[in-house]
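K.L.:
Right, I'll just put the structure down here and ask away after.
The values are calculated or read from the model by the stated rules, or taken from the named source; none is laboratory data. Quick caveat, the model's predicted, so the values are computed rather than measured. FYI the Cβ positions are ideal-geometry reconstructions off the backbone, even for glycines, and counts take in every protein chain you see. We work out accessible area using only protein heavy atoms, side chains counted, and drop any ligands, DNA or RNA first. Shrake-Rupley method; radii C 1.70, N 1.55, O 1.52, S 1.80 Å.
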Amino acid sequence: MTTTALDFTPRPGAAPLTRMVAAQAVAETRAVLRNGEQLLLTMIIPVLLLIGFGRAPIITVSGPRIDFVTPGVLALAVMSTAFTGQAIATGFERRYGVLKRLGATPLSRAGLLLAKTLAVIAVEVIQVVVISAVAFALGWSPTGNPIWALLLLLAGTIAFSGLGLLMAGILRAEATLAAANLVYLVLLGIGGVVIPLTDFPASVQGVLHLLPITALTTGMRSVLADGAGLPVGPLLILLAWAAATLALASRTFKWE
Amino acid sequence: MDSPAVEVSDLLKRYGRTTAVDGLTLRCARGRVTAILGPNGAGKTSTIEICEGFRPPDGGTVEVLGMSPGDPALKPRIGVMPQSGGVPLTMRGGEWLRLVSRFYAHPLDPDALMERLGLSEHARTPFRRLSGGQQQRLSLAAAVVGRPELVFLDEPTAGLDPQARHACWDLVGELRGAGVSVVLTTHHMDEAEKLSDHVVIIDHGRVVAEGTPAQLTGAERQLRFRARPGLNLDEVLAALPPGSTAKESPAGHYIVEGHIDPSLLATVTAWCAAEGVTTEDLSIERRTLEDVFLELTGRELR
């Protein structure tokens, strides 16, 4: 230990909100990109699914397979980051007292949530760039208005964040880890990500359509594969999930 | 006149049917070091966490720097070191301190602070790979990096090796010198005795004694010695002036209290000679804070 001169004379003051939020968002983004298990969920699995289902004749769809698979994989990417990754990370932050410790700093809870959202969006941007690049290399030719696709991704982000925070706020960290991965796998299977909904019995298709992942995959597909206008139905389903989960989470979330 | 650093009146905190804090009243002066001492479960952490704004009280009033503990305007003015954790496991030590420093308007240089606490070599080590003592020091650094007026340190030296403990003590001394108010909890009597201007001993959620270390230990001195266990103290007591006491606690450790003067010392050593006892570590000392503490809170384990 050396004796560097440090002036401890009190000089309290909070940094500007933008600086606090930016610092926290950068730290959270870095944490995701550094975490091996999260990268598996957010990057490796989506890209492998894209290549596997895009190239191999596993599913039967009308039109090029890559045009069917890419919108689903983009939806999956949003789910993996906004829901699975965020739920697990937040659960462990609560468990290790990080949320509590941050609560003693000038960064407000609203500021923390904003930073988390920005970090999720930053990771999603990287995912969309990587997945689109691989898809283009595999011959993807999207149609439709990209603005509508971005709007859907944003609504999906909010809905899945709400779901993730709801789960992380009430379950123990280990339970969140298990449940978030399980939900990811189940929704990957039944949400029209790579397996067409038409492969499921007609009786369950109606229910499946109400899932947030299905709303996002069908919405994305109708825009990017079919060139449809703004998909109002899926968008409303996503916004309903967002409103319900965020309202519930704000009431049930335990910070420590 | 400034409001005190912390003013707690009739504080009440219950968890289910357990009463953790039971009508506690204390005041911590500005620019001073206040140590809160107490056995496990005495209500130290509950009290400090209410002051930090982490949990609401069930009764009583708490003012920190003249403000309500939950007030957002208070956050930049206080620094907090929790008993453990509070840092993401995968985050590197240097990153955490830099991040926390970004929340304040006029922070200390995180690198200089890391160096000061002997953490420079571990700046790139993830939190979970730091030793317990290194984690504690990082937590301490994060509590002071924002240049607060008041810091709460919950068992700051738990798990520290002697060097790190002294580094922590030096830092607390320096904070005090710079006019920072410090409120800390501890189990270490020597720590409270050495560091603090004011000691508050709490037990069962209440204050059982408070004062400066000197006030608490009193002016009275003791004669202490070690010898074989089981000596019959009645004989020596009969020879001592009235009002003297003698006890064996723990076995083989003898304490004589009363008016300690050369004749008392002679009486005791003469008795030892008659008994054929050679004493070890014979000394005349002030009571320690530990004696006071054990007297007030009892010896049973909790």
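K.L.:
Shape of the stretch B:183-242 from its Cα gyration tensor (a ≥ b ≥ c, root eigenvalues): rounded if a/c is under 1.5, otherwise prolate when a/b > b/c, or oblate? Show your work: numbers first, answer last.
P.N.:
Working: a/c = 2.53, a/b = 2.37, b/c = 1.07.
Verdict is prolate for the stretch B:183-242.
K.L.:
In the protein assembly as shown, what percent of the accessible surface is made up of carbon and sulfur (1.4 Å probe, ligands and nucleic acids excluded)?
P.N.:
Working: 14320 of 24160 Å².
So the carbon and sulfur contribution to the accessible surface is 59 percent.
K.L.:
Semi-axes of the equivalent ellipsoid for the stretch A:147-256, please: Cα gyration tensor eigenvalues, times 5, square-rooted, ordered largest first, whole Å. Display every interim value, and only then the final one.
P.N.:
Working: eigenvalues 135, 58, 24 Å².
For the stretch A:147-256, the semi-axes come out at 26, 17, 11 Å.
K.L.:
For the stretch A:133-173 and the stretch B:165-216, compute the distance between their C-alpha centroids and round to whole Å.
P.N.:
After rounding, the separation between the Cα centres reads 53 Å.
K.L.:
Suppose each label sits 7 Å from its Cα in the direction of the beta carbon; what would the B:T61-B:D170 distance come out to in nanometres?
P.N.:
4.3
K.L.:
Can you find, among B:V64, A:G36, B:L153, the residue farthest towards the positive end of the dipole of the protein assembly as shown? Put +1 on the C-beta of Lys and Arg, -1 on that of Asp and Glu.
P.N.:
My answer, from the dipole projection, is A:G36.
K.L.:
Also: Out of all DSSP beta bridges with both ends in chain B, state the antiparallel percent to the nearest 5.
P.N.:
Working: 34 of 52 bridges.
The antiparallel proportion sits near 65 percent.
K.L.:
Which whole-number percent gives the relative contact order of the stretch A:17-252, counting Cα pairs below 8 Å spaced six or more residues apart?
P.N.:
Details: 321 pairs, mean separation 69.5, N = 236.
After rounding, I find 29 percent.
K.L.:
With a 1.4 Å probe, what is the total accessible area buried between chains A and B, in Å² rounded to the nearest 100? Intermediate results must be reported in sequence, preceding the final value.
P.N.:
Numbers: alone 12920 and 14970 Å², together 24160 Å².
When A and B are taken together, about 3700 Å² of accessible area is lost.
K.L.:
Right, another one. Give me P(r) over the stretch B:175-302, computed from all C-alpha to C-alpha distances, binned every 5 Å, as integer percentages.
P.N.:
Distribution as computed: 2, 9, 17, 19, 15, 13, 11, 8, 4, 2, 1, 0 percent.
K.L.:
When you take every Cα atom in the stretch B:1-148, what is the radius of gyration, and what is Dmax, the widest Cα pair distance, in Å?
P.N.:
Rg then Dmax for the stretch B:1-148, in Å: 16.8, 47.
K.L.:
Residues of the stretch A:84-121 losing 50 Å² or more of accessible area relative to the isolated chain, 1.4 Å probe, heavy atoms only?
P.N.:
A:Y96, A:V98, A:K100, A:R101, A:A104, A:P106
K.L.:
Under the rule that an exposed site lies in a DSSP loop and has at most 12 other Cβ atoms within 10 Å, name the longest stretch of chain B with no GluC sites (Glu not before Pro) of that kind, not counting the sites themselves.
P.N.:
Working: sites that count: B:E220, B:E300.
That gives B:1-219 as the longest site-free run.
K.L.:
Determine the dipole magnitude for the protein assembly as shown: charges of +1 sit on the beta-carbon of Lys and Arg, -1 on that of Asp and Glu, nothing else is charged, the reference point is the Cα centre, and the result goes in debye to the nearest 20.
P.N.:
Working: 48 positive and 50 negative charges, 425 e Å.
Dipole about the Cα centre, nearest 20: 2040 debye.
K.L.:
Tell me the label-point distance for the pair B:R224, B:E285, using the 7 Å Cα-to-Cβ offset, in nm and rounded to one decimal.
P.N.:
Label at B:R224, label at B:E285, 0.2 nm between them.
K.L.:
Angle, helix A:86-95 long axis vs. longest principal axis of chain A, Cα atoms, 0 to 90°, nearest 10?
P.N.:
30
K.L.:
Related question: Please check the stretch B:172-201 for residues whose accessible area, probe 1.4 Å, is lower by 40 Å² or more when all protein chains are in place than in their chain alone.
P.N.:
Flagged in the stretch B:172-201: B:A178.
K.L.:
Normalising by the residue count of the stretch A:66-189, find the relative contact order in percent from Cα pairs under 8 Å and 6+ residues apart. Walk me through the numbers before you get to the answer.
P.N.:
On the way: 91 pairs, mean separation 69.9, N = 124.
After rounding, I find 56 percent.
K.L.:
While we're looking at this one, here's another question. On a straight-distance basis, which lysines could pair with A:K116 in a cross-link, Cα separation under 27 angstrom, same-chain partners fewer than 8 positions away excluded?
P.N.:
List returned: A:K100, A:K254, B:K75.
K.L.:
Still on this structure, please answer the following. Taking the Cα atoms of chain B, what is the range of coordinates along each of the three principal axes, in descending order and whole Å?
P.N.:
Extents along the principal axes, in whole Å: 72, 45, 40.
K.L.:
If the only charges are +1 at each Lys and Arg Cβ and -1 at each Asp and Glu Cβ, what is the size of the charge dipole of the stretch A:17-252 around the Cα centre, to the nearest 20 debye? Kindly include the intermediate steps, with their values, before the conclusion.
P.N.:
Details: 14 positive and 8 negative charges, 158 e Å.
My answer is approximately 760 debye.
K.L.:
Stretch B:A178-B:S3 to full length: gain in nm at 0.36 nm per residue minus the Cα-Cα span?
P.N.:
Details: separation 175, 0.36 × 175 = 63.00 nm, distance 1.83 nm.
This chain segment gains 61.2 nm when fully extended.
K.L.:
Could I ask something else about it? How large, in Å, is the stretch A:17-252 by the Kirkwood hydrodynamic radius built from its alpha-carbon pairs? Walk me through the intermediate numbers first.
P.N.:
Values: mean 1/r = 0.0556 Å⁻¹.
About 18.0 Å, per the Kirkwood formula over Cα pairs.
K.L.:
Along the charge dipole of chain A, Cβ charges K/R +1 and D/E -1, which of A:V186, A:P212, A:M20 sits furthest on the positive end?
P.N.:
It is A:M20, whose Cα lies furthest towards the positive end.
K.L.:
Hey, another quick one. Given a 1.4 Å probe, how much area per residue of the stretch A:17-252 is accessible, in Å²?
P.N.:
Counting only protein heavy atoms, the per-residue value for the stretch A:17-252 is 41 Å².
K.L.:
Let me ask another. What whole-number distance in Å separates the alpha-carbon centres of the stretch B:243-294 and the stretch A:72-109?
P.N.:
61
K.L.:
Taking chain A as the reference, fit the longest principal axis to its C-alpha atoms, fit the long axis of helix A:146-170 to the helix C-alpha atoms, and give the angle between the two in degrees, 0 to 90, nearest 10.
P.N.:
Between helix and principal axis, roughly 60 degrees.
K.L.:
So, one more: Order B:176-185, A:169-178 from most to least packed using the mean count of other Cβ atoms within 10 Å.
P.N.:
Details: B:176-185: 20.9, A:169-178: 16.4.
Highest to lowest by the protection proxy: B:176-185, A:169-178.
K.L.:
Here's another thing I want to ask about it. Output the relative contact order of chain B, whole-number percent, from Cα pairs under 8 angstrom with separation of 6+ residues. Please report the intermediate quantities before stating the final value.
P.N.:
Working: 570 pairs, mean separation 60.1, N = 302.
Relative CO of chain B lands at 20 percent.
K.L.:
I would also like to ask the following. Inside 10 Å of the C-beta atoms of A:10-23, what's the mean count of C-beta atoms belonging to other chains?
P.N.:
Numbers: counts 15, 10, 16, 8, 9, 9, 1, 0, 0, 4, 4, 2, 1, 6.
Per residue, the average neighbour count from other chains is 6.
K.L.:
To continue, here is another question. Cα centroids of the stretch A:16-47 and the stretch B:22-98: how far apart, whole angstrom?
P.N.:
After rounding, the separation between the Cα centres reads 30 Å.
K.L.:
For the protein assembly as shown, give the share of DSSP beta bridges that are antiparallel, in percent and rounded to the nearest 5; count only bridges with both residues there. Show your work: numbers first, answer last.
P.N.:
Numbers: 35 of 53 bridges.
The antiparallel fraction comes to roughly 65 percent.
K.L.:
Averaged over every viewing direction, what's the projected area of the C-alpha convex hull for the protein assembly as shown? Give it in nm², one decimal, please. Mind dumping the intermediate values first?
P.N.:
Working: hull surface 133.2 nm².
For the protein assembly as shown, the mean projected area of the Cα convex hull comes to 33.3 nm².
K.L.:
Straight distance only, please: which lysines reach the Cα of B:K44 with their own Cα at less than 17 Å, same-chain residues fewer than 8 apart left out?
P.N.:
Straight-distance partners of B:K44: B:K13.
K.L.:
Also: Output the 0 to 90 degree angle, nearest 10, between the alpha-carbon long axis of helix A:109-137 and the longest principal axis computed from the alpha carbons of chain A.
P.N.:
40
K.L.:
So, one more: So if I place +1 on the C-beta of Lys and Arg and -1 on the C-beta of Asp and Glu, and nothing else carries charge, what would the dipole magnitude of the stretch A:55-127 be about its Cα centre? I want it in debye, nearest 20.
P.N.:
Numbers: 8 positive and 3 negative charges, 73 e Å.
For the stretch A:55-127, the charge dipole is close to 360 debye.
K.L.:
Hey, another quick one. Which residues of the stretch B:46-83 bury at least 30 Å² of accessible area once all protein chains are present, versus their chain alone (1.4 Å probe)?
P.N.:
By number: B:F54, B:K75, B:P76, B:V80.
K.L.:
Also: Please enumerate, by chain and number, the lysines with C-alpha under 30 Å from the C-alpha of B:K247, excluding those fewer than 8 residues away in the same chain.
P.N.:
B:K194
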